[in-house]
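The next block holds one structure in the form of structure tokens; read it before the comments.
The values are calculated or read from the model by the stated rules, or taken from the named source; none is laboratory data. Quick caveat, the model's predicted, so the values are computed rather than measured. Positions of Cβ are backbone-derived with ideal geometry, glycine not excepted, and every protein chain shown enters the neighbour counts.
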Amino acid sequence: MLLEISPIYWVGVAVLGMGLGALIGAWIFRRETQRRKATMEREAREVLEHARREAESLSREARLQATEESLKVRAQAELMFVARRTELAETEHRLTERERLINRQLEQLIQNEKTLRLQQEDTETRAATLQTREAELDRLIQERRQLLQNSGHLTAMEAREQLLKEFQKEAQTDASAYARHIMEDARMQAEQKARRLVGIAIQRFASEHTWEITTCTVQLPNDDIKGRIIGREGRNIRSFESATGVTVLIDDVPNAVVLSSFDPLRRDIAREAMEKLIQDGRIHPGRIEEIVAQVQQDMEQTMLRAGEEALGRVGLPPMADEIVRVLGRLKYRLSFSQNVLEHSIEVAQLMGLMASELGQDVTLAKRIGMLHDVGKALSQDIEGAHAIVGAEFLKRHGEPEEVTLAVASHHDDIPQDGLWHSLVTGADAISASRPGARSEAMTTYLKRVESLERIGASFPGVERVYAIQAGRELRVMVQPDQLNDEQAYELARNISHRISGEIQHPGQIRVVVIRETRCVEFAK
């Protein structure tokens, strides 16, 4: 049956299929075109939206950047304005100060001109007055000369001699007053400088002062050993006292013995010997003499170590062994009640401090101060003043001339002027006069006070004399009708010179002359 369908039919079917295919293709193409159009429109809208957003972002960033730039420019402008205003204010202040300074200088110039004018007028007035007085003086001289010739029937030569004597007396009075003013000014300036120098040295160096005692105590392990120290019928204690030269006190202190002696060297030897005997336990006369002899031999090394330690404390370089050994002996020497080695160390420190203030050789100053009293360790073996003995000893051992001269002159045993003499004398006086440094026996003190009052009362015109402040000041009251002010000043100077020449005293003694006139009347 299929074979019976005609070809026309198939052609129609083919044409119809082609038409349907064309319609379907056209519809598909149209749909695809619409879809593509919609896609393109959507993409276009997205591109436009993105472009719009980017444009807004760029616009916003541009606005922010412009705002920041404007703020930065404004801040810079404000800073420049503030700096300019500060600069203008400083310039104005400088100009004001300069104007004020110029005004002060102008006022000062005007004042100086007025002062100079007044001084010139005063000088001219004084010159005229001096000329008038000179003429008046010439006239008075002529009248006085004529009066002397007429009244006393004196010749011109005799009148001239008498007149010259009167003028000489007046000139001496004027010269004394002028010398007093000069010495007062010089003394005031010197005292101020010296007080400053000494004050700096004392403030920078302070040392302790304790009076040396005449006893020392040796501790015992128990009271039973006291019997062994005493020995049978006191043989041990007598042997110990004979060998050492000290006094042994047994029953004064429990569990201890007291060694008493005015010689520190003997006392120290006795102390070490007693300690060794107690430690050894064998106490009898033979052992006592053996121990004491051994301690005496060891004492030389002890004194050498003491001298080396003193040099180390002051900061001085090593010296000859013999000098160091003699220096160590000063540890066992006393001046009044002051240890001489400690005194020498203090004098060396004070001299070093004062020399540094004056810009001088500090090492040389300390060397002089340390060695100034070395003769006190030799004076008992060699005759002569300790200053001279010490200077000769140092010279023999190679010390320089500056040291030997300063040591020899520190108590004015030889005349010497100079910086080192003044420094060693001042430092020695400071160390000796510090509170607690030295003590005097009552008889010595009373004798010195009596000598001061005797010297003050020996001058004519003196009414009463009092030594006060433990002999550090002498008050002299004079009769006003016998001495004038210039003579009272000369009296104070003469008394001080005589005291310096006749009395040995630590530190300085102040002489005060009092001239007083009292006028008394009674109303009735």
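Yes or no: the stretch 399-414 includes at least one residue that is of a type in the set (Gly, Ala, Ser) and within 27 Å of the chain's Cα centre (by Cα).
There is at least one residue in the stretch 399-414 that is of a type in the set (Gly, Ala, Ser) and within 27 Å of the chain's Cα centre (by Cα).
Restricting to the stretch 254-294, name every residue that is loosely packed, with under 14 Cβ neighbours inside 10 Å and under 45 Å from the mean Cα position of the chain (by Cα).
If the condition is that a residue be loosely packed, with under 14 Cβ neighbours inside 10 Å and under 45 Å from the mean Cα position of the chain (by Cα), then Phe262 is the only one that fits.
Tell me, yes or no, whether the stretch 259-269 has at least one residue that is acidic (Asp, Glu), touching a residue at least 60 places away in the same chain (Cβ under 8 Å) and under 22 Å from Pro221 (Cα atoms).
yes
Do we have Ile455 as among the β-branched types (Val, Ile, Thr), loosely packed, with under 15 Cβ neighbours inside 10 Å, under 19 Å from Val511 (Cα atoms) and modelled with pLDDT of 75 or more here?
no
Which of the residues belonging to the stretch 472-517 are among the hydroxyl-bearing types (Ser, Thr, Tyr), more than 22 Å from Ile430 (Cα to Cα) and out of contact with any Ser or Thr (no Cβ under 8 Å at 6 or more places or on another chain)?
Passing the criteria: only Thr517.
With the condition being farther than 19 Å from Glu402 by Cα and either in contact (Cβ under 8 Å) with a residue 24 or more places away in the chain or not small (Gly, Ala, Ser) (or both), I'd like the helices (runs of 4 or more DSSP H) fully within the stretch 320-376 carrying at least 3 qualifying residues.
Where helices (runs of 4 or more DSSP H) fall fully within the stretch 320-376 and carry at least 3 residues being farther than 19 Å from Glu402 by Cα and either in contact (Cβ under 8 Å) with a residue 24 or more places away in the chain or not small (Gly, Ala, Ser) (or both), they are 321-329, 340-358.
Which ones in the stretch 234-253 are under 47 Å from the mean Cα position of the chain (by Cα) and in a helix (DSSP H, G or I)?
Thr244
Yes/no per residue for (1) surrounded by 21 or more Cβ atoms within 10 Å (Cβ to Cβ); (2) within 32 Å of the chain's Cα centre (by Cα):
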position	(1), (2)
Ala306	no, yes
Ala310	yes, yes
Asp321	no, no
Val326	yes, yes
Gly352	yes, yes
Leu358	no, yes
Lys366	yes, yes
Leu378	no, no
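Test Gly307 against the stated conditions and say whether it is out of contact with any helix residue (DSSP H, G or I) (no Cβ under 9 Å at 6 or more places or on another chain) and closer than 24 Å to Ile430 by Cβ.
No, not satisfied.
Val389 versus (1) in contact (Cβ under 8 Å) with a residue 40 or more places away in the chain; (2) farther than 29 Å from Arg472 by Cβ: which is the lone unmet condition?
(1)
Please work out which one of (1) among the hydrophobic types (A, V, I, L, M, F, W, C); (2) modelled with pLDDT of 85 or more; (3) farther than 25 Å from Leu364 by Cβ is the condition Leu265 fails and give its number.
It is condition (2) that Leu265 fails.
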